[in-house]
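Asks: The structure follows.
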Amino acid sequence: MSTETSATGAFGALTAERGICFGGDYNPEQWDPSVWREDVELMRQAGVNLVTVGVFSWARIEPAPGVRDFAWLDEVLGLLHEAGIAVDLATPTASPPPWLGIRHPETLPVDRDGVRLVPGSRNQFTPASRIYREHALAITRDIAERYAAHPAVRMWHIGNEFGQLDFGDEAAREFRRWLMEQYGSIDALNTAWGTAFWSQHYADFDEILPPRRAPYLINPTQALDFRRFISDLLRDCYRELRDAVREAGATQPVTTNFMGFFAHVDYWSWADDLDLIADDQYPDPADPRAAVGIALVQDLMRSLGGGRPWMLMEQATSALMWREHNLPKTPQRARRDSLQAVARGADGVAYFQWRASSAGAERFHAAMLPHAGADTDLFRGVCRQGQDLRLLRPVVGATVDAEAAIVFDWSSWWASEEPGRPTERLDMIEQITRWYDQLWRRGIAVDLVEPGADLDGYRLVLAPQLYITEPDAAAALERAVERGAHLVVGPFSGVADRNAHVLVGRSPVLLRDVMGVSGEEWCALPDENVELVGDWWAPADGAAEASILGERLRTDGADVLLTYADGDLAGLPAVARNTRGDGVAWHVGAVVSDAVLSKILGEAAAASGVRGAVPELETLPDLLEAVQRGPVLFLLNHGVEEQRIPVRPGLVDLLTSETADRVVTVPPGDVRALIERADS
Ligand code: GAL
């Protein structure tokens with residue numbers, strides 16, 4: 001959807017002044033002060049204009065309880081400021097010093113099996129511990145009071161990758177408190193959790209525990225509520241620290257780093273608490289289609305921020321040390337990854353980390369400045385990125401406008417993957433990515449939206465797996481169709497209410513009317529794919545098949561496009577299309593093959609009038625990505641073959657200054673950023 005936001009807010013002010021932010025985590029405490037000057041000099045050389053300082057500095061700032069050592073940090077901020085490099089100052093709260101856990105074991109998290117985790121790594125805290133929270137608040141206040149008005153500080157970074165779990169007694173206490181607030185009475189909780197099943201009735205909140213290791217399956221609503229609780233608890237922790245920073249007088253934008261489709265935090269419920277959305281992205285270079293999955297994450301980040309520019313807070317220049325294979329990136333790949341984020345709405349691109357550590361657990365993790373120093377291809381690649389990002393100034397503040405939306409929410413994800421379901425093989429993110437891939441191949445811009453969101457600006461709405469469907473979400477989807485949109489609903493949608501209770505009636509209970517089909521049973525499909533047949537299908541379309549999960553469906557008025565050729569569901573509808581009001585609802589009743597998805601989504605997109613970023617091509621060449629961001633058309637070639645793409649006349653590439661006249665060549669691995677020539 002189109003948003004009016006451009007370079008607004010404090011992040012907008014920073015990028016309007018400095019252009020796209022470029023830099024990384026800077027951990028000077030790992031190095032002798034004699035190295036800091038060289039760091040700053042090389043940062044300038046690379047075009048770095050923003051670094052995140054202090055993410056893991058707690059033990060350095062507070063070596064013993066209550067002691068403060070800020071002298072080194074004063075010096076570092078001073079050096080950066082003199083060099084004109086802005087600072088994203090972190091609260092060091094993600095990694096408490098060992099003394100905290102040793103003195104106060106209750107600050108340490110306990111896992112599902114009752115094992116208390118120990119210091120010696122990082123993240124050794126539970127957000128449920130008041131003692132941890134008080135210590136975290138105290139150091140945050142002192143840092144914020146000291147540096148709120150420091151001229152180098154242009155952003156605040158709370159904690160790091162919030163996502164800590166705890167199943168111990170501290171968490172149990174807070175979980176009960178949260179449940180009391182949600183339900184008000186134990187009777188209401190018993191109803192919501194369906195505790196009549198398996199004799200789980202609770203007489204009092206005191207009897208309730210986190211979903212620790214149990215003999216068999218846990219109550220699914222208990223598991224779902226615990227996930228919601230953890231997400232809320234972590235958000236409280238974030239808010240408390242953010243408020244402390246604000247109370248100290250800080251006016252800079254405040255953020256923390258998300259982790260894409262991260263399973264333990266519902267980012268929709270956090271988004272409004274961040275002044276800018278920031279995200280850490282580590283696509284796997286071994287995956288030839290990694291660019292698709294990461295594009296989806298980038299669209300999620302832009303959508304979480306309501307369309308406003310976001311920031312790629314962490315990525316790797318080359319190899320990681322935490323995957324099994326850790327394939328490195330080439331400098332060209334690293335450059336393309338950064339430019340992809342900018343194409344999809346980022347106004348900041350940063351890395352973990354500036355200088356490669358020589359000690360510690362991440363000593364083999366690539367950085368902007370490798371162990372081998374500045375005379376390296378890697379560092380030259382980093383410098384080139386700095387130059388490229390300066391050239392992309394015309395996109396600062398610009399939006400990516402989408403007319404297609406994918407409905408996604410964490411509760412549906414959580415609830416639909418609780419064990420004890422029709423099939424253990426259905427993976428929601430994998431399915432959403434497959435659907436998204438079909439739009440990506442067409443260069444169609446997509447927003448992600450929460451169920452129940454206003455869909456007015458969208459002509460094409462996809463709900464690949466909307467497991468929990470509440471009345472407001474169903475009504476919004478129905479309204480979108482009535483007013484002319486194409487809605488495509490995938491299997492295992494409309495199944496449950498917010499308590500994860502299966503809705504009673506023919507499915508999808510609340511969407512039956514609009515879909516024009518209804519089902520009576522979800523059916524796992526056998527290992528061999530099941531063939532689908534129908535007049536709508538032409539042999540040239542490829543393999544029409546279903547796998548993983550289908551449904552025993554009947555049409556209640558929709559046109560049946562494909563039926564199962566054989567097996568238990570032989571002759572029953574698998575894909576149907578229903579005209580309703582001014583729009584069309586497509587029901588995809590099974591996990592269908594890529595060829596089927598392609599035909600459904602291609603036809604729905606064409607019929608809804610949604611166009612790709614290269615309108616001359618209905619489908620782009622394989623692994624060629626096209627995104628229009630504000631005035632700039634980005635073409636990114638993730639493949640190994642050169643591509644020639646038709647474009648309108650009068651464009652010039654911001655990255656090379658070459659003009660593109662009706663056709664532009666994109667070499668393998670390269671990127672074009674085309675804008676109208678000033679004189680055209
Ligand atoms: C992130 C983390 C960084 C660093 C990085 C390594 O999850 O925030 O501190 O550990 O991973 O890839």
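The values are calculated or read from the model by the stated rules, or taken from the named source; none is laboratory data. No experiment lies behind these values; they were computed from the predicted model shown. Cβ atoms come from the backbone with ideal geometry, glycine included; neighbour counts cover every protein chain shown. Surface areas here come from the heavy atoms of the whole protein model, side chains and all, with no ligands, DNA or RNA. Shrake-Rupley method; radii C 1.70, N 1.55, O 1.52, S 1.80 Å.
Asks: Restricting segment 355-365 to residues that are open to solvent by less than 50 Å² (accessible area, probe 1.4 Å) and not polar (S, T, N, Q), which is farthest from the ligand (Cβ to nearest atom)?
Replies: Looking at the filtered set, the residue picked out is Arg355.
Asks: Here are Pro464, Pro491: which of them is on the phi < 0 side of the Ramachandran plot and touching a Lys or Arg at 6+ places or on another chain (Cβ under 9 Å)?
Replies: Among Pro464, Pro491, only Pro464 is on the phi < 0 side of the Ramachandran plot and touching a Lys or Arg at 6+ places or on another chain (Cβ under 9 Å).
Asks: How many residues does segment 438-489 hold that are open to solvent by less than 20 Å² (accessible area, probe 1.4 Å) and in a helix (DSSP H, G or I)?
Replies: Of the residues in segment 438-489, 9 are open to solvent by less than 20 Å² (accessible area, probe 1.4 Å) and in a helix (DSSP H, G or I).
Condition check ((1) within 17 Å of Arg235 (Cα to Cα); (2) of a type outside the set (D, E, K, R); (3) within 16 Å of the ligand (Cβ to nearest atom)) across all residues:
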| residue | (1), (2), (3) |
| --- | --- |
| Arg122 | no, no, yes |
| Arg130 | yes, no, no |
| Ile139 | no, yes, no |
| Tyr147 | no, yes, no |
| Asn160 | yes, yes, yes |
| Asp169 | no, no, no |
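Asks: Can you tell me which of Glu181, Glu240, Glu161 is outside any loop (DSSP other than H, G, I, E, B), among the acidic types (Asp, Glu) and closer than 30 Å to Ala90 by Cβ?
Replies: Selected residue: Glu240, the only one of Glu181, Glu240, Glu161 that is outside any loop (DSSP other than H, G, I, E, B), among the acidic types (Asp, Glu) and closer than 30 Å to Ala90 by Cβ.
Asks: Condition first: within 16 Å of the ligand (Cβ to nearest atom) and either open to solvent by less than 30 Å² (accessible area, probe 1.4 Å) or closer than 30 Å to Pro92 by Cα (or both). Can you find one or more residues in segment 220-228 that meet it?
Replies: no
Asks: Here's something else I'd like to know. Just one of (1) more than 24 Å from Glu17 (Cβ to Cβ); (2) surrounded by fewer than 17 Cβ atoms within 10 Å (Cβ to Cβ); (3) acidic (Asp, Glu) trips up Glu82, so point out which.
Replies: If we test Glu82 against (1) more than 24 Å from Glu17 (Cβ to Cβ); (2) surrounded by fewer than 17 Cβ atoms within 10 Å (Cβ to Cβ); (3) acidic (Asp, Glu), just (1) comes out false.
Asks: Moving to a separate point now. Go through (1) aliphatic (A, V, I, L, M); (2) within 27 Å of the chain's Cα centre (by Cα); (3) under 27 Å from Val349 (Cβ atoms) one by one and return the number of the condition Leu233 breaks.
Replies: Going through the list (1) aliphatic (A, V, I, L, M); (2) within 27 Å of the chain's Cα centre (by Cα); (3) under 27 Å from Val349 (Cβ atoms), Leu233 breaks only (3).
Asks: Given the conditions (1) more than 16 Å from the ligand (Cβ to nearest atom); (2) polar (S, T, N, Q); (3) open to solvent by 10 Å² or more (accessible area, probe 1.4 Å), report the number of the one that Gln385 does not fulfil.
Replies: The failed condition is (3).
Asks: List pairs: first in segment 104-129 and closer than 18 Å to Ser231 by Cα, second in a strand (DSSP E or B) and open to solvent by less than 50 Å² (accessible area, probe 1.4 Å), Cβ under 8 Å, 6+ apart or cross-chain?
Replies: Thr126/Val110
Asks: Say we look at segment 55-69 and pick out the residues that are among the small types (Gly, Ala, Ser) and open to solvent by 10 Å² or more (accessible area, probe 1.4 Å); which of these is farthest from the ligand (Cβ to nearest atom)?
Replies: Restricting to residues being among the small types (Gly, Ala, Ser) and open to solvent by 10 Å² or more (accessible area, probe 1.4 Å), the top hit is Gly66.
Asks: Residues that are closer than 30 Å to Thr221 by Cα and among the β-branched types (Val, Ile, Thr): does segment 512-528 have at least one?
Replies: Yes: one or more hits.
Asks: Could you list all residues from segment 298-332 that are within 13 Å of the ligand (Cβ to nearest atom) and among the basic types (Lys, Arg)?
Replies: Within segment 298-332, Arg323, Lys329 meet the criteria.
Asks: Also: Starting from residues that are open to solvent by 70 Å² or more (accessible area, probe 1.4 Å) and polar (S, T, N, Q), keep the ones in segment 166-206 and report whichever is nearest to the chain's Cα centre (by Cα).
Replies: Among those residues, the one meeting the criterion is Gln182.
Asks: For Arg154, only one of the following conditions fails: (1) in a helix (DSSP H, G or I); (2) surrounded by fewer than 24 Cβ atoms within 10 Å (Cβ to Cβ). What is its number?
Replies: Going through (1) in a helix (DSSP H, G or I); (2) surrounded by fewer than 24 Cβ atoms within 10 Å (Cβ to Cβ) one by one, Arg154 breaks only (1).
Asks: I've got another one for you. Which ones in segment 184-211 are part of a loop (DSSP other than H, G, I, E, B) and not small (Gly, Ala, Ser)?
Replies: Scanning segment 184-211 gives Thr195, Gln200, His201, Tyr202, Asp204, Ile208, Leu209, Pro210, Pro211.
Quick grid of which residues meet (1) more than 20 Å from Ala543 (Cα to Cα); (2) open to solvent by less than 30 Å² (accessible area, probe 1.4 Å); (3) in a strand (DSSP E or B):
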| position | (1), (2), (3) |
| --- | --- |
| Asn578 | yes, yes, yes |
| Lys599 | no, no, no |
| Glu603 | no, no, no |
| Ala607 | yes, no, no |
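Asks: Let me ask something else about it. Any residue at all in segment 331-354 that's touching a residue at least 24 places away in the same chain (Cβ under 8 Å) and open to solvent by 70 Å² or more (accessible area, probe 1.4 Å)?
Replies: Among the residues of segment 331-354, at least one is touching a residue at least 24 places away in the same chain (Cβ under 8 Å) and open to solvent by 70 Å² or more (accessible area, probe 1.4 Å), which makes the answer yes.
Asks: Anything in segment 269-290 that is over 16 Å from Pro309 (Cα atoms) and more than 16 Å from the ligand (Cβ to nearest atom)? List them, or say none.
Replies: Ser269, Trp270, Asp287, Pro288, Arg289, listed by residue number.
Asks: For Ala16, state whether it is closer than 25 Å to Gly386 by Cβ and open to solvent by 20 Å² or more (accessible area, probe 1.4 Å).
Replies: Yes.
Asks: Check Phe352 against each of (1) touching a Pro at 6+ places or on another chain (Cβ under 7 Å); (2) within 13 Å of the ligand (Cβ to nearest atom) and name the one condition it does not meet.
Replies: Condition not satisfied by Phe352: (1).
Asks: If only one of Thr52, Thr91 is open to solvent by less than 10 Å² (accessible area, probe 1.4 Å), in contact (Cβ under 8 Å) with a residue 60 or more places away in the chain and within 22 Å of Gln387 (Cβ to Cβ), which one is it?
Replies: When all the criteria are applied, what remains is Thr52.
Asks: Scan segment 493-549 residue by residue and report those that are β-branched (Val, Ile, Thr) and assigned to a strand (DSSP E or B).
Replies: Across segment 493-549, the qualifying residues are Val502, Val517, Val530, Val533.
Asks: Filter segment 334-346 down to the residues that are within 16 Å of the ligand (Cβ to nearest atom) and touching a Pro at 6+ places or on another chain (Cβ under 9 Å) and list them by number.
Replies: Across segment 334-346, the qualifying residue is only Asp337.
Asks: Which residues, counting only those in segment 419-437, are part of a loop (DSSP other than H, G, I, E, B) and either aromatic (Phe, Trp, Tyr) or open to solvent by less than 40 Å² (accessible area, probe 1.4 Å) (or both)?
Replies: Thr423, Leu426 - these are the residues of segment 419-437 that are part of a loop (DSSP other than H, G, I, E, B) and either aromatic (Phe, Trp, Tyr) or open to solvent by less than 40 Å² (accessible area, probe 1.4 Å) (or both).
Asks: Among (1) modelled with pLDDT of 95 or more; (2) under 22 Å from Pro573 (Cα atoms); (3) surrounded by fewer than 20 Cβ atoms within 10 Å (Cβ to Cβ), there is one condition Pro526 misses while meeting the rest; what is its number?
Replies: Pro526 satisfies all of (1) modelled with pLDDT of 95 or more; (2) under 22 Å from Pro573 (Cα atoms); (3) surrounded by fewer than 20 Cβ atoms within 10 Å (Cβ to Cβ) except (1).
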